[in-house]
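First the structure, in the form of structure tokens, and then the observations on it.
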Amino acid sequence: MTLERAAAGPLPPLGLDRPAEVRRASVVEAYSEHVYGRTPVGGGPAGVVLESSSEVAPGVSREQWAATVTVPGGSLVLHLLVHRPTGVAAAPAFLGLNFKGNHATVKDDPTVRVATVTSWMPRVEGLDMSQGLPTSAREGFRLTGWDEQPVAPRGAEAAGWPWREVVGAGFALVTLHAGDIEPDGPEGGALGVRGWFERGSRRADDHWGAIRAWAWGLSRALDALADVPGIDETRVGVIGHSRLGKAALWAALQDLRFALVVSNDSGCGGAALFRGKRGEDVRAITTLFPGWFAPRLAAYAGAEDRLPLDQHHLLAALAPRPTYVASASDDVWADPANEFLATVHATPAFVAAGHTGTADVAGDRDVSEQEAAAVPFPRLDMSVGGRLSYHCRTGGHEITPDDWRHYLAFAAHRL
């Protein structure tokens, strides 16, 4: 697999001559203005209640918790599904959002609450996805509407939530439905947490999008874990796949309490560089999913070189916290080469903090385009790196038990 990007301008420098905390603050501000939008002040935890508990395997407790969160004018409830090792006073944990409801993450358990919010899929004219996503998003297409999806059957996402393996490795596994925070669809901004904060308000250019709303919900779930017995809230890693991988990255960037972050196939607006992006680019993502980002991001469609930063800034600003980026070989829409290149260009920030990344580079200067192109792409299914790590799994756009094996090995030394 080549590491050459599509034609693009040079990447903006990381600013390694500035203190790390100054760089991080400037990155958060720039992303708030140009990419993800700004979160209003307010909202917080109001209490956590245990709804059910059972031992589903030797040494494994399955619990359902209801966490109430206050928001302006009301409250919402986040339903946490927790698998944790019994007999452990404070286990480290992975926390992540699921797409189809908690009931979809486990098989054959009628006691797990069924999600009450369904999902939506965009209807597109002029973009044939029947044979898989195209390698380019620059062909003519337009969004014509949305189709509501039926409630997923139990266990539909179970392969992506291998609780037996996670708990067997000594971690708790905590998930909640992204729809508890905000539905992913045409009316999500009105029906979810953004609607509670700003009912009837006009969307400014830096109005927060769904990615930031989901990230806000991840932080509120982390608040709740402080009151869940058996979990060490100081050792929680945040994980996400696809658009929820974008949310995991942003949650970790703005909330320093997350001790580790994993991005799985997060692509455009996630771990992949905007500049030189193959597959889904700014035009495609802001056309198909206009509510995910701040409205201002659409202005950079076809003009990504004008963005004042790129995704290597996001990854670099996470240093020195353990950060893992993963791709899949057939996921051309997410662009594995550009995701790996982002880690290469972010590596100097980890080196400057006394750690290693995915390339052998100096920690006092940016990686040039020529240096990055000379870094060999990792062998498929092999993890590379140190405090910043990466792998590209054989296969398509999903999170699998094979991915989790990499994440558990990575976290075992760092959580």
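The values are calculated or read from the model by the stated rules, or taken from the named source; none is laboratory data. Bear in mind the structure is a predicted one, so any value in this text is a computation, not a measurement. Glycine gets a Cβ as well: all are built from the backbone with ideal geometry, and neighbour counts include every protein chain shown.
For the stretch 309-345, name all the residues that are over 17 Å from the mean Cα position of the chain (by Cα) and not in a loop (DSSP other than H, G, I, E, B).
Within the stretch 309-345, the subset over 17 Å from the mean Cα position of the chain (by Cα) is 309, 320, 329-330, 332, 337, 341, 344-345.
Once the filter is applied, which keeps residues that are over 17 Å from the mean Cα position of the chain (by Cα) and not in a loop (DSSP other than H, G, I, E, B), the stretch 309-345 yields Ala337, Leu341, Val344, His345.
Scan the stretch 163-212 for residues that are touching a residue at least 40 places away in the same chain (Cβ under 8 Å), surrounded by fewer than 21 Cβ atoms within 10 Å (Cβ to Cβ), under 22 Å from Leu81 (Cβ atoms) and small (Gly, Ala, Ser) and jot them down.
Ala169, Gly170
Enumerate the pairs (first residue in the stretch 50-68 and free of Cβ contacts under 8 Å to residues at least 12 places away in the same chain; second residue anywhere and part of a strand (DSSP E or B) and crowded, with 19+ Cβ neighbours inside 10 Å) with beta-carbon separation below 7 Å, excluding pairs fewer than 6 apart on the same chain, so at least 6 apart or on different chains.
Ser53/Ser61; Ser53/Glu63
Restricting to the stretch 112-152, name every residue that is at pLDDT 85 or above, closer than 17 Å to Ser242 by Cβ, in a loop (DSSP other than H, G, I, E, B) and in contact with a strand residue (DSSP E or B) (Cβ under 7 Å, 6 or more places away or on another chain).
Gln149
Which of the residues that make up the stretch 86-111 are hydroxyl-bearing (Ser, Thr, Tyr) and assigned to a loop (DSSP other than H, G, I, E, B)? Show your work before the answer.
In the first step, residues of the stretch 86-111 are kept if they are hydroxyl-bearing (Ser, Thr, Tyr); the result is 86, 105, 111.
Passing the criteria: Thr86, Thr111.
Of all residues in the stretch 370-395 being among the hydroxyl-bearing types (Ser, Thr, Tyr) and touching a residue at least 60 places away in the same chain (Cβ under 8 Å), which is nearest to His355 (Cα to Cα)?
Restricting attention to the stretch 370-395, the residues satisfying the condition of being among the hydroxyl-bearing types (Ser, Thr, Tyr) are 383, 389-390, 394.
Those still in the list that are touching a residue at least 60 places away in the same chain (Cβ under 8 Å) too: 389-390, 394.
Numbers: Ser389: 11, Tyr390: 15, Thr394: 28 Å.
Here the answer is Ser389.
Out of everything in the stretch 376-415 that is part of a helix (DSSP H, G or I) and either under 16 Å from the mean Cα position of the chain (by Cα) or basic (Lys, Arg) (or both), what residue ends up being surrounded by the fewest Cβ atoms within 10 Å (Cβ to Cβ)? Walk me through it before giving the result.
Keep residues of the stretch 376-415 that are part of a helix (DSSP H, G or I), which gives 401-412.
Pick out the ones that are also either under 16 Å from the mean Cα position of the chain (by Cα) or basic (Lys, Arg) (or both) and you get 403-405, 407.
Working: Asp403: 25, Trp404: 22, Arg405: 16, Tyr407: 24.
For the stretch 376-415, the residue satisfying everything is Arg405.
From the residues in the stretch 288-321 that are more than 11 Å from His34 (Cα to Cα), modelled with pLDDT of 95 or more and in contact with a Pro (Cβ under 8 Å, 6 or more places away or on another chain), which one is surrounded by the fewest Cβ atoms within 10 Å (Cβ to Cβ)?
Of everything passing the filter in the stretch 288-321, His313 is surrounded by the fewest Cβ atoms within 10 Å (Cβ to Cβ).
Please work out which residue is surrounded by the fewest Cβ atoms within 10 Å (Cβ to Cβ), limiting yourself to the stretch 133-162 and to residues that are farther than 15 Å from Val112 by Cβ and aliphatic (A, V, I, L, M). Spell out how you get there, then give the answer.
To start, the set of residues in the stretch 133-162 that are farther than 15 Å from Val112 by Cβ comprises 133-150, 159-160, 162.
Checking which are aliphatic (A, V, I, L, M) leaves us with 133, 137, 143, 159.
Working: Leu133: 19, Ala137: 22, Leu143: 16, Ala159: 14.
It comes out as Ala159.
Among the numbered criteria (1) crowded, with 24+ Cβ neighbours inside 10 Å; (2) hydroxyl-bearing (Ser, Thr, Tyr); (3) at pLDDT below 95, which one does Ser327 miss?
Failed condition: (3).
Contact list please: Cβ distance under 8 Å, first residue in the stretch 396-408 and without any contact (Cβ under 8 Å) to a residue 40 or more places away in the chain and among the polar types (S, T, N, Q), second residue part of a helix (DSSP H, G or I) and surrounded by fewer than 20 Cβ atoms within 10 Å (Cβ to Cβ), pairs at least six apart or on different chains.
none
Just the residues that are within 17 Å of the chain's Cα centre (by Cα) and not hydrophobic (A, V, I, L, M, F, W, C), please, taken from the stretch 82-100.
Our first condition is that a residue be within 17 Å of the chain's Cα centre (by Cα); within the stretch 82-100, this holds for 93-100.
Passing the criteria: Gly96, Asn98, Lys100.
Name the residue, out of Ser75, Ser26, Ser61, Ser53, that is among the polar types (S, T, N, Q) and either at positive phi or in contact with a Lys or Arg (Cβ under 6 Å, 6 or more places away or on another chain) (or both). If you could, list the steps in order and put the result at the bottom.
Details: Ser75 fails: either at positive phi or in contact with a Lys or Arg (Cβ under 6 Å, 6 or more places away or on another chain) (or both); Ser26 fails: either at positive phi or in contact with a Lys or Arg (Cβ under 6 Å, 6 or more places away or on another chain) (or both); Ser53 fails: either at positive phi or in contact with a Lys or Arg (Cβ under 6 Å, 6 or more places away or on another chain) (or both).
Result: Ser61 is the single residue among Ser75, Ser26, Ser61, Ser53 that is among the polar types (S, T, N, Q) and either at positive phi or in contact with a Lys or Arg (Cβ under 6 Å, 6 or more places away or on another chain) (or both).
Take the residues of the stretch 23-49 that are touching a residue at least 12 places away in the same chain (Cβ under 8 Å) and loosely packed, with under 14 Cβ neighbours inside 10 Å: which is farthest from Arg113 (Cα to Cα)?
Here is the first cut: in the stretch 23-49, the residues touching a residue at least 12 places away in the same chain (Cβ under 8 Å) are 23-24, 27-28, 30-40, 42-49.
Then keep just the ones that are loosely packed, with under 14 Cβ neighbours inside 10 Å; that gives 42, 44, 47, 49.
Values: Gly42: 28, Gly44: 23, Gly47: 19, Val49: 14 Å.
If we take residues in the stretch 23-49 being touching a residue at least 12 places away in the same chain (Cβ under 8 Å) and loosely packed, with under 14 Cβ neighbours inside 10 Å, then Gly42 is farthest from Arg113 (Cα to Cα).
Which residues, counting only those in the stretch 133-162, are of a type in the set (A, V, I, L, M, F, W, C) and either more than 22 Å from the chain's Cα centre (by Cα) or within 21 Å of Leu80 (Cα to Cα) (or both)?
From the stretch 133-162, those of a type in the set (A, V, I, L, M, F, W, C) are 133, 137, 141, 143, 146, 151-152, 156, 158-159, 161; that's our starting set.
Correct list: Phe141, Leu143, Trp146, Val151, Ala152, Ala156, Ala158, Ala159, Trp161.
Give just the number: which of (1) part of a helix (DSSP H, G or I); (2) of a type outside the set (Ser, Thr, Tyr); (3) closer than 20 Å to Leu388 by Cα; (4) within 16 Å of the chain's Cα centre (by Cα) does Ala349 not satisfy?
The single condition Ala349 does not satisfy is (4).
So which residues in the stretch 153-174 are in a strand (DSSP E or B) and β-branched (Val, Ile, Thr), if there are any at all? Outline the logic, then answer.
Residues of the stretch 153-174 that are in a strand (DSSP E or B), as a first pass: 172-174.
The one that is in a strand (DSSP E or B) and β-branched (Val, Ile, Thr): Val174.
Just to be sure I understand the filter: pairs with C-beta atoms under 9 Å, separated by 6 or more residues or on different chains, first member in the stretch 112-129 and farther than 30 Å from Leu50 by Cα and in contact (Cβ under 8 Å) with a residue 12 or more places away in the chain, second member hydrophobic (A, V, I, L, M, F, W, C) and in a loop (DSSP other than H, G, I, E, B). Which pairs pass?
Short answer, once both residue conditions are applied: Pro122/Phe289; Val124/Phe141; Glu125/Phe141; Gly126/Phe141; Leu127/Leu133; Leu127/Ala137; Leu127/Phe141.
Would you mind telling me which numbered condition in (1) under 30 Å from Arg142 (Cβ atoms); (2) crowded, with 20+ Cβ neighbours inside 10 Å Ala93 fails?
Looking at each condition in turn, Ala93 falls short on (1).
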